[in-house]
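Every number here is computed from the coordinates shown, using simple stated rules; none is lab data. A quick note: this is a predicted structure, and the numbers were derived from the prediction, not measured. When we count neighbours, we look across all protein chains shown, and the Cβ atoms used for this are built from the backbone with ideal geometry, even at glycine.
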């Protein structure tokens, strides 16, 4: 097996920690996962449950694998009124980022996303692998294969650059004050 590991599911605990720092009153956290990607979803739930237990947080797991199911999950989330939301890392959710950001903002739910693109369009915060660096690593991989290296002989490369992006405007809209310590650690603050 070869490829690049983005640590997508493994970062959910760190994302929960950062979200809790931004929303310190949060006690009940919803997580949205895609059950169609079972291995990733199971790992994400385990990681967030372990982290939540350590932080004494209550977790509500919601499933969605279609646009309609996202709307249904948000109806449940709004009814249950968690203090914040963690959107699981999944290619499907990346493709539905506009819907997810719109729903979270419309309902005033502080949300953490796995990729900067969600934060750039109005999501509150994101923490994940730096995609530009990952594509650079992918290019190096392809180059080695084109030069004759067998893919099976290449090791799995792990993302080494991670980025925290905070949308300060969205924080203001949600009535949140971003702690200076979190601002100092952010790789980018969108005003």
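Brief remarks on what is shown
- Separation in nanometres of the label points that stand 7 Å from Cα toward Cβ, at residue 187 and residue 145: 2.4
- FRET efficiency, 1/(1 + (r/R0)^6) with R0 41 Å, evaluated for residue 161 and residue 28 via beta carbons: 0.80
- Working from label points 7 Å from Cα in the Cα-to-Cβ sense, the residue 78 to residue 177 distance is 3.0 nm.
- The Cα atoms of region 34-87 give a gyration tensor whose axes a ≥ b ≥ c have a/c of 1.5 or more with a/b no greater than b/c, which makes the shape oblate.
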